[in-house]
Amino acid sequence: MTDEQRKKIENRILFLSIGILVLLIAALVLIGVKGVADTLLFPTVIAVFLAIYWVISDVLSVVWLHSFEGKTDDQKRSYYLYAGLDLIGLGGLVYFMVDMKSTTGAIIYVCCLFLKRRFKDEFNGVQKDEDEEEAEAEESSAEVKTIEEADAEAEESSAEVKTIETAEESSAEVKTVEAAEAETEEEAEEKAEVSEALKDRDAETTAAKEP
């Protein structure tokens, strides 16, 4: 089925659904004008028109569009649940319109309205797409964590290298200080030797002058 054919069928389904709702409203107006709203005709007309609406929107649409082609058994089961909830919801709407003093019908309709969305999404594969997106997000998060861990290890390695370099610099400074101290000691020894040599020479000179 081409996109153009699908669009034509969807438009046909839309026009039929709108036509049924328009006829329902016209029938309700006519019933109100005739003054027969308290008879069995009122709920019967509502039920018949809404049943026809359900057949067009939930049954004929699937048949005409071949919506079950390529679907799994789980997806088909989800659609059956969706269509069932839709029918129950319309029944609740009929009950509410017949007995507006009770909110039970409205509650049934609203509950079915929210519940059937989940099964419609499962039939269309939306739930699967969301699961795949979550899995991709988890993989991306894991990759980010791996990168962060690698960065942390690189920073630790850099810190260790800096510590080693600092230790080497400190060791070089200590060696420089030790070398300077050794040179100072050598100079002191040389000075002491020179001083002793001068004293010995003075002593020899003095001894030579004595008679």
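For the residue pairs Lys8/Lys116; Lys8/Lys120; Lys8/Lys76; Lys76/Lys101, the C-alpha atoms sit more than 29 angstrom apart in Lys76/Lys101. Rolling a 1.4 Å probe over the protein heavy atoms gives region 43-129 an accessible area of 59 Å² per residue. If you take the alpha carbon atoms of region 1-132 and fit the smallest convex hull around them, that volume is 109 Å³ per residue. For region 1-103, GluC sites (Glu not before Pro) are listed when DSSP marks them as loop and at most 12 other Cβ atoms sit within 10 Å of their Cβ; the list is Glu69. Could you compute the net charge surrounding Ala83? Neighbours are other residues with a C-beta less than 10 Å from the C-beta of Ala83; K and R count +1, D and E count -1. Residues close to Ala83 contribute a combined charge of 0.
Taking 7 Å steps out from each Cα toward its Cβ at Phe68 and Glu10 produces label points 2.2 nm apart.
To the nearest 10, the accessible area of Phe49 is 50 Å² with a 1.4 Å probe. Would you mind checking region 94-108 for residues with the amide N under 14 Å from a putative spin-label position 7 Å along Cα→C-beta of Leu115? Counting only backbone N, you get 105-108. Using the Karplus relation 6.51 cos²θ - 1.76 cosθ + 1.60 with θ = phi - 60°, the per-residue 3J(HN,Hα) values for region 42-53 come to 4, x, 5, 4, 4, 4, 5, 5, 5, 5, 4, 4 Hz, with x marking Gly and Pro.
The values are calculated or read from the model by the stated rules, or taken from the named source; none is laboratory data. Here the structure is a predicted model, which means the values were calculated and not measured. No Cβ is skipped: glycine too gets one built from the backbone with ideal geometry, and neighbour counts run over all protein chains shown. Ligands, DNA and RNA are stripped out before the accessible areas are found, and what is left, the full protein with its side chains, is counted by its heavy atoms. Shrake-Rupley method; radii C 1.70, N 1.55, O 1.52, S 1.80 Å.
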